[in-house]
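The values are calculated or read from the model by the stated rules, or taken from the named source; none is laboratory data. In this text the structure is predicted, and so the values were computed from the model without any measurement. Quick reminder, even Gly has a Cβ in these numbers, built from the backbone with ideal geometry, and neighbours come from all protein chains shown. Ligands, DNA and RNA are excluded from the accessible area calculation, which covers all protein heavy atoms including side chains. Shrake-Rupley method; radii C 1.70, N 1.55, O 1.52, S 1.80 Å.
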Number of protein chains: 2
Amino acid sequence: MILMDNEELVGFARRVGLFWPSAEIYGGASGLYDYGHLGAALKRRFEELWISYFIEGRRNHFMIEGSTMLPEKPLVASGHASRFNDVIISCTKCKSFFRADVLLADLGVAINEGADAAQIGEAVRAKGIRCPKCKGELGEPRAFNMMVDVALGPEKKESGYLRPETAQSVYLNFYREFTLLRKRLPLGLAIIGRAYRNEISPRQGLYRMRELTQAELQIFFDPEEWNRAEAAPHEGGLSVVPYSTGKQARFTPAELVAMGYPAFYVNHMAMIDRFYRKVLHVPEERLRFLEKGGSDKAFYNRVHMDIEVDVGSWNGFREVGGLHYRGDYDLTSHSKGSGQDLSVSIDGRRFMPHVLELSFGVDRNIWMLTDLFHRKDGERELFSLPTHLSHYAAAVFPLQKDEALEKRSAELCDALGRDFRIYYDTSGSIGKRYARMDEIGTPYCITVDFETVDSKSDNYGKVTVRKRDDKSQVRATTEGLRETLRLTRVAEV
Amino acid sequence: MILMDNEELVGFARRVGLFWPSAEIYGGASGLYDYGHLGAALKRRFEELWISYFIEGRRNHFMIEGSTMLPEKPLVASGHASRFNDVIISCTKCKSFFRADVLLADLGVAINEGADAAQIGEAVRAKGIRCPKCKGELGEPRAFNMMVDVALGPEKKESGYLRPETAQSVYLNFYREFTLLRKRLPLGLAIIGRAYRNEISPRQGLYRMRELTQAELQIFFDPEEWNRAEAAPHEGGLSVVPYSTGKQARFTPAELVAMGYPAFYVNHMAMIDRFYRKVLHVPEERLRFLEKGGSDKAFYNRVHMDIEVDVGSWNGFREVGGLHYRGDYDLTSHSKGSGQDLSVSIDGRRFMPHVLELSFGVDRNIWMLTDLFHRKDGERELFSLPTHLSHYAAAVFPLQKDEALEKRSAELCDALGRDFRIYYDTSGSIGKRYARMDEIGTPYCITVDFETVDSKSDNYGKVTVRKRDDKSQVRATTEGLRETLRLTRVAEV
C-alpha cells in the first residue's frame with residue numbers, strides 16, 4: 001500500500017468530489033467541511049450499511065431522530081455544561097491560543113487525556129515550555145467548555161446548546177420509546193446525525209471537526225440478564241490493547257472474558273470487528289481495540305475501548321469509534337435532572353437500565369475509507385472501494401459515437417438501472433472513461449462494441465466487462481452481468 | 001375523510017411513535033421536535049423516495065452535503081444578515097413578544113407577507129390593536145433577524161450562523177461541482193439537511209419549527225437554452241392560483257405557458273405535481289400551486305409559487321414546498337461577496353447560470369402524510385399509508401404459541417426478510433397484533449396457522465394475507481406473497 005500524507009489525501013478528495021472545506025470560495029471555515037457528490041454518496045452508503053448491520057438485522061433495535069439544538073437543562077444534568085472541557089492555554093505575548101493536550105503532544109510531552117488545568121500547568125512549568133509561535137511566556141491553562149451555545153427567542157434569553165453528541169437525544173427519548181415498544185429490554189435506539197464541538201485546534205481533515213456526523217447506538221439492557229451472557233466464538237480472535245498491559249495482542253472472546261471483561265461487552269467487540277473487516281474490508285492487522293483507563297477514561301464508563309484503525313495518513317492507529325459500557329449513569333443523571341423516574345419495572349423487578357454505547361465518527365470513517373482504498377498504479381489513480389461500497393455498481397459505455405451502439409447501451413442502462421445504480425458515459429476515449437470510473441471507484445465498466453450488436457458475431461448480445469482493480473476484461477451476457485452485479489452489491493457478513 | 005385537529009394529530013403521532021417535542025422529560029423545547037422510531041422511518045422513506053424521484057432518475061443531478069454552521073460573510077452576501085427578518089412587536093405592559101404577521105392574521109387583519117415594520121405599525125394603529133394577552137398598549141414593531149448565530153473559537157470571536165436554508169450550502173459549492181462534473185449545464189445539486197430559524201412563535205406541530213429538515217434541489221441552467229424549452233403534456237392539468245387573478249383554476253401546461261410562465265418552470269411544476277399525486281398519493285383536489293407576487297414574493301424570485309396541500313388539521317391549503325425561479329441572484333451575490341467569478345463559459349459564451357429551486361419542508365410533508373393517511377374506522381385506528389411508504393412491507397404472525405407455527409413463521413421471515421422489511425410478532429391475540437400493525441401503517445399481515453403446516457390440508461404451505469385497509473383476507477403461497485410485496489414497494493410514476 002502506498003502511504004499518503006494528509007495533503008495528498010485532501011488533494012485526491014477534492015479532485016474526485018469527496019470533500020473540502022466549507023465556504024471554500026470565501027477562504028474556507030476552520031473545522032467545517034462539505035461533502036461533494038461522491039463524498040455524499042459514499043457517506044450515505046456507509047450510513048445505509050451501518051443501519052442495515054447494527055439496527056435492521058437486530059431485534060428491538062430502531063433508528064430515531066432528535067433535534068440538534070437542546071435546551072440547557074439536560075446538558076447540565078448530563079454533566080456536559082460543567083465537564084465537557086478541553087484545557088486551553090494562551091501566550092501572554094502574542095495572544096495565540098492552544099489546546100493544551102495538542103500543544104504538549106506536538107512537543108512529545110506525554111500527558112493523560114483527562115489531565116486538568118492544574119496538572120497541565122505543572123507539566124508546562126516543569127518542561128519550561130514556551131509559545132511555539134513567538135517563544136513568549138505561556139499563561140495559566142484554563143478549562144474551556146467545548147459546547148457551542150445558542151440563544152433563542154425574541155430577546156435571545158432561551159439558552160441552549162448544539163448537542164455535543166447524538167447520544168443525549170437518545171437518552172431523552174428512552175422512556176417514551178421503551179413504553180411505545182412494549183416495555184422490552186434490550187432496546188437499541190440509534191441516531192445518525194450532527195454533533196457540534198467548539199474545537200480550538202480543528203485540523204487534520206475530517207479528524208477533528210467543529211461539526212461532525214455521528215452514528216451512535218445506545219443499547220438499554222437489564223444488567224442481571226446480560227451479566228449471564230456467554231462469550232460467543234469469533235473467527236480469528238480480536239486485537240486488543242488492554243489497559244492493564246498496554247500491549248497489543250490477539251485474544252479470543254473467551255480469553256477476554258477470563259480477563260474480566262463482561263461477555264456482553266466482548267460479544268459487541270466481536271460484532272464491531274466483523275463490521276470493520278467484513279463490511280468495510282479493513283485489513284485485520286489495521287484494526288484494534290484500545291482500552292482506556294485511569295484519567296483517560298470518561299468517569300462514567302465502566303469499560304471503555306476506542307476502536308482504532310491504522311491508515312497511512314494517520315501514521316499509526318487512530319480512533320474511529322468507541323464501545324462504552326456506561327452503566328446507569330445517563331438514565332440516573334436525567335432522572336435527577338428532569339425529576340422523571342426513568343427506571344423500569346420488568347417481571348415485578350424495578351431497576352435502572354444500563355447502557356452499552358456503540359459510537360462511530362462517520363466523517364473519520366469516510367476519511368479512513370478514502371485513505372485505505374486510494375491506490376496508485378503507475379499513472380493510474382484508482383479508488384479501490386469494495387464493490388458494495390461504491391456509489392455506482394457499473395458504468396455503461398458505447399465504444400464510440402454510433403447510433404446502434406448508443407441505442408443498445410441505453411437499453412442496457414434501462415434494464416440494469418431498475419436494480420442497480422449505473423453511470424452512462426459517451427464522451428471521450430474509452431481510456432479516459434475508464435480512468436474517470438477508476439478514480440471514483442466504480443468497480444465495473446461495461447462496453448458495448450460492434451460485436452455486441454452484430455448478429456453474425458460469436459459475441460452477439462455480449463458486452464465487455466472490465467474490472468477496475470486488475471483491468472481484466474471478459475465477455476458477458478446481460479444475465480451474467482446482472483448476476484455479477486447482484487452478488488457484489490451484498491456485503492458478506 | 002375524518003378531520004383531525006392539531007391536538008388529535010399530535011396525540012396520534014405520539015401514541016404510535018411518529019414525533020413529539022424534544023427534551024420532553026424536561027418539559028419540552030419550543031419549536032424543537034424529535035422523531036420516534038416510526039417517524040424516523042417514515043422520514044427516511046420520504047427522503048429516499050425524494051432522492052430517487054428528483055435526483056437519481058435525472059441526468060447530471062447529485063446529492064451533496066454541507067455544514068450547517070457557516071461563517072458570517074456568505075450570509076451577508078446572500079442578503080440573509082440584513083433581510084432574513086420577521087417583524088416583531090412587544091407589549092409595553094406585560095412585555096410579551098409577538099410575530100406581527102401572526103398576531104394580525106389571528107385577528108383577521110390582512111397584511112402582505114413582506115410588509116415591513118412601518119407598514120405593520122400603521123395597521124396596528126389603524127385598527128387600534130392591543131395586546132391579546134393583557135390588553136396593554138403595543139410598542140413599535142421592529143425588524144428581527146431570524147438567523148441563529150453561533151460564535152466559535154477560544155474567545156468566541158469567529159462569528160457565524162446556523163444556515164437558514166440548505167440552498168446556501170449548494171451555491172457555495174456550485175463552482176467546484178460544476179468543474180468536477182465536466183462543466184455541463186443543467187446541473188442539479190441537492191441537499192437534504194437541517195436549517196435553523198429563531199422563530200418567535202413556533203407552534204402548530206411540525207409546521208413552524210426552529211430546527212427543520214429541508215430537501216432542496218438547485219438546478220443551475222443556461223437561460224438561453226432553457227428559454228427555448230416547450231411545455232410537455234401533463235395528464236389532467238395543474239391546479240394553480242395565479243397572482244394576477246387570485247383565483248384557483250386548472251390549467252394545462254400549454255395554457256400556463258401562454259399566460260407567460262416559462263415552459264421550463266411549468267414543466268417542473270408538472271414534475272412536482274406528479275410527485276405529490278403519484279408518489280405520495282395526495283388526492284388531486286388537495287394539491288395546488290399558489291403564485292406569490294408583489295411584496296409577498298421574495299425580491300430575487302422571478303417566478304415564485306408555493307406548493308400547497310389542504311389537510312384537515314390545517315383547515316385549508318398550506319405551504320409544503322416551493323418552486324422558485326431565482327434568476328442569477330445567488331451566484332451574482334456570491335461572486336460579489338467572495339470576489340470569485342462564478343460565471344461559466346460554455347461554447348465560448350460566458351454567462352452567469354440561472355437557478356431554479358425546488359424546495360420542500362420535510363417535516364411539513366411528514367405532518368401532511370400523517371394527517372392525510374390517519375383514519376378512524378369505528379373502533380379501529382389505522383395509518384393508511386400507501387404501501388410503498390410504509391416502513392414494514394408486512395408483518396408475520398404465528399396464529400398462536402406453537403412450535404411448528406413459530407418455526408414456519410421464522411422461516412418465512414427469513415425468506416422474505418432478504419428482500420423486504422418484515423415485522424415479526426408472536427405476542428397477544430391476533431386481533432391485538434392486527435391493531436398494532438394497522439396503527440403503524442403496515443399494509444399486510446401474514447398469519448401462519450395450522451393448515452399452513454398440515455401436509456394433508458388444501459392450504460398446506462399457504463398463509464393468510466390480511467389487508468390493512470379493508471381487512472380482507474386471502475390464502476397465498478410464499479411465491480404469490482413475494483410478488484404482491486414486490487409490486488407494492490414500487491411507487492408507480
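Below are the figures for this structure:
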quantity	calculated
Candidate set: the stretch A:3-37, residues that are open to solvent by 10 Å² or more (accessible area, probe 1.4 Å), part of a helix (DSSP H, G or I) and of a type in the set (A, V, I, L, M); chosen: the one farthest from the other protein chains (Cβ to nearest Cβ)	A:10
Single condition residue A:136 does not satisfy, out of (1) in contact with a Lys or Arg (Cβ under 8 Å, 6 or more places away or on another chain); (2) within 14 Å of another protein chain (Cβ to nearest Cβ); (3) open to solvent by less than 20 Å² (accessible area, probe 1.4 Å); (4) not hydroxyl-bearing (Ser, Thr, Tyr)	(2)
Some residue of the stretch A:326-334 being touching a residue at least 60 places away in the same chain (Cβ under 8 Å), among the basic types (Lys, Arg) and outside the structural domain of residue A:118 (by TED's automatic domain parsing)	no
Search result, residues across the stretch A:197-236 that are open to solvent by 50 Å² or more (accessible area, probe 1.4 Å), within 14 Å of chain B (Cβ to nearest Cβ) and at pLDDT below 95	A:203
Given (1) under 17 Å from the mean Cα position of the chain (by Cα); (2) open to solvent by less than 10 Å² (accessible area, probe 1.4 Å), number of the condition residue A:318 does not satisfy	(2)
Subset of the stretch A:221-243 [touching a residue at least 40 places away in the same chain (Cβ under 8 Å) and over 30 Å from residue A:181 (Cβ atoms)]	A:236, A:238, A:239, A:240, A:241, A:242, A:243
Failed criterion for residue B:306 (all others in (1) open to solvent by less than 20 Å² (accessible area, probe 1.4 Å); (2) without any contact (Cβ under 8 Å) to a residue 12 or more places away in the chain hold)	(2)
Subset of the stretch A:394-430 [open to solvent by less than 40 Å² (accessible area, probe 1.4 Å) and more than 38 Å from the chain's Cα centre (by Cα)]	A:405
Condition check for residue B:427: more than 17 Å from residue B:49 (Cβ to Cβ) and assigned to a loop (DSSP other than H, G, I, E, B)	yes
Where residue B:193 falls short, out of the listed (1) farther than 18 Å from residue B:76 by Cβ; (2) touching a Leu at 6+ places or on another chain (Cβ under 9 Å); (3) within 13 Å of another protein chain (Cβ to nearest Cβ)	(2)
Pairs where the first residue, in the stretch B:83-104, is more than 15 Å from residue B:145 (Cα to Cα) and the second is among the polar types (S, T, N, Q), C-beta under 6 Å, 6+ apart	B:102/B:201
Given (1) more than 10 Å from chain B (Cβ to nearest Cβ); (2) more than 14 Å from residue A:77 (Cβ to Cβ), number of the condition residue A:177 does not satisfy	(1)
Residue A:176 vs. criteria over 26 Å from residue A:96 (Cβ atoms), more than 27 Å from the chain's Cα centre (by Cα), modelled with pLDDT of 90 or more and buried (at least 17 other Cβ atoms within 10 Å of the Cβ)	yes
Residues within the stretch A:91-101 that are surrounded by 19 or more Cβ atoms within 10 Å (Cβ to Cβ) and not aromatic (Phe, Trp, Tyr), tallied	4
For residue B:186: the one exception among (1) touching a helix residue (DSSP H, G or I) at 6+ places or on another chain (Cβ under 9 Å); (2) within 12 Å of chain A (Cβ to nearest Cβ); (3) crowded, with 18+ Cβ neighbours inside 10 Å; (4) not charged (D, E, K, R)	(2)
Filter pass, residue B:46 being assigned by TED's automatic domain parsing to the domain that holds residue B:300, buried (at least 18 other Cβ atoms within 10 Å of the Cβ) and part of a strand (DSSP E or B)	no
Hits in the stretch A:452-493 - residues which are surrounded by 14 or more Cβ atoms within 10 Å (Cβ to Cβ), among the basic types (Lys, Arg) and assigned to a helix (DSSP H, G or I)	A:482
Count of the stretch B:85-118 residues which are part of a loop (DSSP other than H, G, I, E, B), within 11 Å of chain A (Cβ to nearest Cβ) and either under 27 Å from the mean Cα position of the chain (by Cα) or not polar (S, T, N, Q) (or both)	1
Residue list for the stretch B:263-286, restricted to those being of a type outside the set (Gly, Ala, Ser), open to solvent by less than 30 Å² (accessible area, probe 1.4 Å) and more than 21 Å from residue B:51 (Cβ to Cβ)	B:264, B:265, B:266
Candidate set: the stretch A:150-167, residues that are at the interface with chain B (Cβ under 9 Å from one of its Cβ atoms) and not in a strand (DSSP E or B); chosen: the one surrounded by the most Cβ atoms within 10 Å (Cβ to Cβ)	A:154
Set B:109, B:170: member being open to solvent by 20 Å² or more (accessible area, probe 1.4 Å) and of a type outside the set (Lys, Arg)	B:109
Wholly enclosed strands (runs of 3 or more DSSP E) of the stretch B:171-242 bearing at least 3 residues touching a Phe, Trp or Tyr at 6+ places or on another chain (Cβ under 6 Å)	B:211-221
Meets criteria (in contact with a Ser or Thr (Cβ under 9 Å, 6 or more places away or on another chain) and at pLDDT below 90) for residue B:69	no
Hits in the stretch B:345-358 (condition: more than 31 Å from the chain's Cα centre (by Cα), part of a strand (DSSP E or B) and either surrounded by 20 or more Cβ atoms within 10 Å (Cβ to Cβ) or of a type outside the set (Ser, Thr, Tyr) (or both))	B:346, B:349, B:350, B:351
Subset of the stretch B:56-84 [among the aromatic types (Phe, Trp, Tyr) and more than 9 Å from chain A (Cβ to nearest Cβ)]	B:84
Enumeration of residues in the stretch B:334-344 that are open to solvent by 60 Å² or more (accessible area, probe 1.4 Å) and either within 14 Å of residue B:300 (Cβ to Cβ) or more than 8 Å from chain A (Cβ to nearest Cβ) (or both)	B:336, B:339, B:341
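For (1) closer than 29 Å to residue A:47 by Cβ; (2) among the hydrophobic types (A, V, I, L, M, F, W, C); (3) not in a helix (DSSP H, G or I), each residue gets a yes or a no:
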position: A:270; (1), (2), (3): yes, yes, no
position: A:281; (1), (2), (3): yes, no, yes
position: A:299; (1), (2), (3): no, yes, yes
position: A:324; (1), (2), (3): yes, no, yes
